[in-house]
Amino acid sequence: MSLRVGVDVGGTFTDLVMFDPVTNRLSFTKTSSTPSNQALGVEEGIGKVVGAAGRTAPDIEFLVHGTTVATNALLERKGVRCGLLVTRGFRDVLQIGRQDRPKLYDWFAQKAPPLVPRELTFEIAERALHTGEILEPLDEAQAIAAIEAARAKGVTALAVCLLHSYANPAHERRLAELIAEHFPEAEVSLSSAVIPEFREYERASTTTANAYVMPIVRRYVGLLEERVGAMGVPAGLHIMASNGGLMTARAAGEQSVRTMLSGPAAGVLGAVAIAKAAGFGSVLTVDMGGTSFDICLAHEGRIRFTKESEIGSLPVKVPMIDIHTLGAGGGSVAWIDAGGALRVGPRSAGAVPGPACYGRGGTEATVTDANLVLGRLDPKRFLGGEMGLDPDAARRAVHERIAEPLGLTVEAAAEGIVRVINATMVRGMRAVSVEKGYDPREFALVAFGGGGPLHASDLAREAGLTAVLVPPMPGVTSALGLLVADLRYDESATFLRPLATADPAGLAAVYEDLESAARDRMRRDGVPDDAVTITRSAEMRYARQSHELDVAVPTGPIDAATLATVRERFEEEHRRAYGFAMTEDMVLVNAQVSAVASLPKPPFEPLGGGNGARGAGRAQPVDRRPIYVAGAWVDADVFERRDLGPGVRIAGPAIVEQPDTTVLLLPGDTGLVDGQGNLLLEVAR
């Protein structure tokens, strides 16, 4: 027993980090993902990581998993056949949506089709008011008829979203009872349980998304539990949620929509924890994997959260770490559009067939192929030598697909691919910094993922940052983040009162109910009340505004002084975000609480080697090879990361290789290894 294992499944690789508290060491491994059944890759990876340490699966006492099952099911529209029960007169809530156009100036732009078509949406006579008062009782005969009609049309899951059920969930709960009686095999998702907040479209969209993916996630989690159980793993499975907290497998099966950003959220946690230990409070984290590029901002150690995310062009209104995701990874495919311009992504070659250089049948030029052509990757040392790359296949793909049609040399075409993907990523970095009121020059860039450190120097230059932190194990930072997460549950309820006339006692009652619900969830997970920390917040806006800002609410009794503090905090946050405050009335829209139970965490010491025993204070290159930079070949020193102990300095142009990634230092860059094994780059301007 005693081992703690984090498993993160990506589009191309499955990453694992294992912490052994007996030896106080972390170890890691990577294995190819198995898109047809992610559990297979997870099972293989667990066996690999424990076997390499001379341990066995029964030694694992804590197992946590970051998964893309829910995300993939939604993005690829491979969820279950789902029906929707709504209040009479609201059958078209998903079709109407909001007035926003996907592309403002595109007359032919089409909105993403809803997950539930109109013919599978069923109206029921009932009506509650926004105050919670029942205006019209539930017509149970009509409800039963709707349930049976849904069953006859072959649905396997039912979403229930009744008007103003956030204020009074009685009718939704009664519908759940009727479904259990007349359609017991159906999976049921109630909006009052998933997201008890106002705004009918967002609530309906989120609830249908939960119903749409819930059977898929529940089936996968059940299968994974069976497989790890068969391996002898005694630990219960935990799943990373989009809010950066852990939830049990049971909770993930009930609230599957909350796992949409499971893996990326873990990456942010890991990167921010490493940066804090290294002395960096404000950071931009960038995670470049094989398929996607995930960006997040943490200001003075505080990670940004949001409830206004879109996944697959559909609103998903649950608490998530505010991650901006782009289709820009090592497997992103380069192509030429109808106008003859070079484009890269968002389509990816994925794990199968993968980039052309993988030798798995891929023939299209990808970012990985371009980096190989430019000499930035060593074909014999990729993944620590476990996987060889085919440079001839990479050159052939770049030549045939890009260079020849554009009349370029292979090297110029490859450099063009890298520049285009870098420009895409920099736009995303500015979207989470400059466009949110933050000056990127005040932030350090934390680059991780298999491809992040390879592009970090270019990205920092173009975005205006001068400092880059590359963690000791950048390729598995998301898996490491799983081991620094805590159990967390978020609860919310719509309050919707002007702050000036809000009743402190009424608001206190709302927070008491939310805190009670959060503690109940923790108790079901076996967590005692004294191990739970509760924090409060509120979503607020000025009157006649349509978007809210998140404001911390003091703990303790709620009185007039509390509301005055909330007012001051909102004005301060509005000034920071928009540069001004107004005299308009403020509205407290949603009350929120977060319940957190702290879990043991691994230490942040030099990870996976690099403990300074070899070469501390000096750097001896293991090789020297040409790399293509700014239109010319230049010679670069090649170092192995494990040889770079604390205090070592290196100068660009240089390549630092390790099993999970490659770090590129461009001419003029300098690198320093800190006491925890991080490689700190000072980027030349």
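The values are calculated or read from the model by the stated rules, or taken from the named source; none is laboratory data. The model shown is predicted, which means the values in this text are computed figures rather than measured ones. With ideal geometry, Cβ positions are generated from the backbone for all residues, glycine too; neighbour counts draw on all protein chains shown.
Quick notes
- Scoring T501 on the criteria (1) of a type outside the set (A, V, I, L, M, F, W, C); (2) surrounded by 14 or more Cβ atoms within 10 Å (Cβ to Cβ); (3) modelled with pLDDT under 95; (4) within 18 Å of L563 (Cα to Cα) leaves a single failure, condition (2).
- Restricting attention to region 591-600, the residues that are in contact with a helix residue (DSSP H, G or I) (Cβ under 8 Å, 6 or more places away or on another chain) and surrounded by 14 or more Cβ atoms within 10 Å (Cβ to Cβ) add up to 6.
- Of all residues making up region 1-54, the number that are touching a Pro at 6+ places or on another chain (Cβ under 7 Å) and of a type in the set (S, T, Y): 1
- Residue identified as crowded, with 16+ Cβ neighbours inside 10 Å, in a strand (DSSP E or B) and not polar (S, T, N, Q) among E573, E539: E539
- Members of region 324-361 that are in a loop (DSSP other than H, G, I, E, B), hydrophobic (A, V, I, L, M, F, W, C) and surrounded by fewer than 24 Cβ atoms within 10 Å (Cβ to Cβ): A338, A341, A351, V352
Residues checked against (1) assigned to a loop (DSSP other than H, G, I, E, B); (2) surrounded by 22 or more Cβ atoms within 10 Å (Cβ to Cβ):
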residue	(1), (2)
T131	yes, no
L158	no, yes
R173	no, no
E177	no, no
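- Output for region 506-523, where each listed residue is farther than 30 Å from Y578 by Cα and in contact (Cβ under 8 Å) with a residue 40 or more places away in the chain: L514, E515, A518, R519, R521, M522
- Lone qualifier among T494, T533, T477 - being polar (S, T, N, Q), in contact (Cβ under 8 Å) with a residue 12 or more places away in the chain and assigned to a helix (DSSP H, G or I): T477
- Checking each residue in region 576-590 for being out of contact with any Gly (no Cβ under 8 Å at 6 or more places or on another chain) and either surrounded by 19 or more Cβ atoms within 10 Å (Cβ to Cβ) or at pLDDT below 90 (or both) picks out T583, E584, M586, V587, L588, V589, N590.
- Near pairs, Cβ below 7 angstrom, 6+ apart or cross-chain, from region 438-453 (within 11 Å of A271 (Cα to Cα) and at pLDDT below 95) to any residue that is small (G, A, S) and buried (at least 23 other Cβ atoms within 10 Å of the Cβ): F448/G267; F448/A271; G449/G289; G449/G475
Each row is one residue, and each column tells you yes or no for (1) β-branched (V, I, T); (2) surrounded by fewer than 21 Cβ atoms within 10 Å (Cβ to Cβ); (3) touching a residue at least 24 places away in the same chain (Cβ under 8 Å).
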residue	(1), (2), (3)
P621	no, yes, yes
V634	yes, yes, yes
F639	no, no, no
P646	no, yes, yes
R649	no, yes, yes
V663	yes, no, yes
D674	no, yes, yes
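- Top-ranked residue in region 133-152 [being over 30 Å from F495 (Cβ atoms) and either β-branched (V, I, T) or out of contact with any strand residue (DSSP E or B) (no Cβ under 7 Å at 6 or more places or on another chain) (or both); ranked as surrounded by the most Cβ atoms within 10 Å (Cβ to Cβ)]: I147
- Consider region 363-384 and keep the residues that are without any contact (Cβ under 8 Å) to a residue 24 or more places away in the chain and part of a helix (DSSP H, G or I). The one that is surrounded by the fewest Cβ atoms within 10 Å (Cβ to Cβ) is F382.
- Residue match in region 456-463 (condition: assigned to a helix (DSSP H, G or I), under 26 Å from P355 (Cα atoms), among the hydroxyl-bearing types (S, T, Y) and modelled with pLDDT of 95 or more): yes
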